[in-house]
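The values are calculated or read from the model by the stated rules, or taken from the named source; none is laboratory data. In this text, all values refer to a predicted model and were calculated from it rather than measured experimentally. Glycine also receives a Cβ, built like all others from the backbone with ideal geometry; neighbour counts cover every protein chain displayed.
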Amino acid sequence: MVVLFVSYFVIIGFMFNFNNEFQSNTKGSVFNKNKPYTQGNPHLNIKYTNLHHHDQYQSQFPNVLVDSNSTLHNALDSFLNAERVFIAFEFQKESSYNDKLATMQIASGSKYFVIDMMSGEIDDDAIKNFIMYDKIQKVVYNAEKFLSAVYQRYRQIPKNIFDITTAGMLCGIDKKFQYRQMLIKVLGKNYKIKDPIKVSFKTRPLIPRAIDRSILNAIHLEDLYTFIHKEITTFNRLHIHDEIVGEMLNEELYTKNIEDAWTKVKFYTTKLDVIRRIKKIAEWREYTAKRLNIHKDILMTDSTLLDVSERNPTCYEELCEIKNLNKAILKPNHSKRLLSCITAAQKIILEKTDIESHVDELSSKYIPLADMFKILLRIKAEQYKISPQLIANNHELAIIANSSSPKVKCVEGWRYEIFGKDALDIKKGKLMVVYENENFSIIPKDF
């Protein structure tokens, strides 16, 4: 028997508050505002101003744009002896089904360049060879997105990658924080880039504002790496980072199959009808985006896709009520096809993988146990200063609740040590979660 000494409202309040920003006054936290990071790259104090787009803009980083072979080879050769380089990138999504690299920024120490990846006058093989050069570590933000774009362009995956996003999550920084938000949180308010002007990376020639914004991202990345690498080394989690990034290097993750598009949408529902709609709408989105040669997120973002799947519109009027839906979808040809997909979703027979069998068989009596695991997950994430997204997801928690011998990552390896073992002991009735003196704790049942 599992005992939980806490009221329903306290549970809900705890889960809600934990989704807010990481507490800045936590001892050892990377968000400690009282002790801002001050390593001091001379370029980090450069800020954009709230200039109107008609005002004259003064270039801050002249002569850094590489858009021809005359400068490309010299630029790449200057990094060949570096232990690591810091790579940032910009995409243009206006008319491209795949993530299309518009610019790639490379920095290391006092050297930094912006390579125009859309220029027809650069040696693309030279860029490929540099990215694939294993002896140089490539430090990037959001490795999954970077690797996907590189694979779509070169059909090859680079090795020796350090991912700032993964490393940040191992320090307790949730993936929800975007790059500039992370800079503000970790490096302090002085590093905020204030630039409300929208910049297109599709138009050529690139305007100075676009070049400066791009190069600042790479320059900031170097100091961000210095801080976060020190944190995960102190926490002895570098090997966990390498394990997670190693899983990202599987080329199969970046091959696009329309029928498998739904598996790359992160969702936490356990409703079988909703999952059927997610599958069918994701297929429609992938097919339509490919046919129109636009990025799928322009057609419909994942969050909107999940909203449509949950609300299950049955007519054009109900479809129009959904917020953030691209107006192009409401055109007669698209709206009819989308509504047809939603109707056809009810006839889909899902294959019996672990996730689908869990959805089919999870009894209502196991739902409170799965909810208890969510609380345990939040407790452990706070205790170990690791983002809960790296430890387990809701599907895995439901599988643990429902299965006598669950085969999920969170009951293996390092995840087992910090979470899985206690989750299984709670299920066996050996441990219980107690709320006392405004704190949660985990104690033996016979305490």
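Among residues of the range 386-414 being of a type in the set (D, E, K, R) and modelled with pLDDT under 90, the one that is farthest from Asp163 (Cα to Cα) is Lys407. Restricting the search to the range 299-309, which residues are surrounded by 15 or more Cβ atoms within 10 Å (Cβ to Cβ) and either over 19 Å from Ser96 (Cβ atoms) or of a type in the set (Ser, Thr, Tyr) (or both)? Hits for the range 299-309 are Thr301, Thr304, Leu305, Leu306, Asp307, Val308, Ser309. Might you let me know whether the range 285-298 holds any residue that is free of Cβ contacts under 8 Å to residues at least 40 places away in the same chain, buried (at least 18 other Cβ atoms within 10 Å of the Cβ) and of a type in the set (Asp, Glu)? Among the residues of the range 285-298, at least one is free of Cβ contacts under 8 Å to residues at least 40 places away in the same chain, buried (at least 18 other Cβ atoms within 10 Å of the Cβ) and of a type in the set (Asp, Glu), which makes the answer yes.
Scanning the range 397-447 for residues that are hydroxyl-bearing (Ser, Thr, Tyr) and part of a loop (DSSP other than H, G, I, E, B) gives Ser403, Ser404, Ser405.
The set of residues in the range 252-304 being closer than 20 Å to Glu396 by Cα, among the hydrophobic types (A, V, I, L, M, F, W, C) and outside any helix (DSSP H, G or I) consists of Val265, Phe267. Out of curiosity, is His220 within 26 Å of Val64 (Cα to Cα), surrounded by 17 or more Cβ atoms within 10 Å (Cβ to Cβ) and either in contact with a Leu (Cβ under 9 Å, 6 or more places away or on another chain) or of a type in the set (Phe, Trp, Tyr) (or both)? The answer is yes for His220. Within the set Ile211, Ile219, the sole residue that is modelled with pLDDT of 90 or more, among the aliphatic types (A, V, I, L, M) and assigned by TED's automatic domain parsing to the domain that holds Gly188 turns out to be Ile211. Considering each residue of the range 404-424, count those that are surrounded by 15 or more Cβ atoms within 10 Å (Cβ to Cβ) and farther than 16 Å from Pro388 by Cβ, and give that number. Qualifying residue count for the region: 2. Within the range 69-101, if we keep just the residues that are among the small types (Gly, Ala, Ser) and either touching a Pro at 6+ places or on another chain (Cβ under 7 Å) or modelled with pLDDT of 90 or more (or both), the residue that is surrounded by the most Cβ atoms within 10 Å (Cβ to Cβ) turns out to be Ala88.
Checked against (1) over 21 Å from the mean Cα position of the chain (by Cα); (2) loosely packed, with under 14 Cβ neighbours inside 10 Å; (3) modelled with pLDDT under 90, Cys315 passes all but condition (3). Exactly one residue out of Ile391, Ile379, Ile426, Ile399 is over 21 Å from the mean Cα position of the chain (by Cα) and closer than 26 Å to Phe177 by Cβ: that is Ile379.
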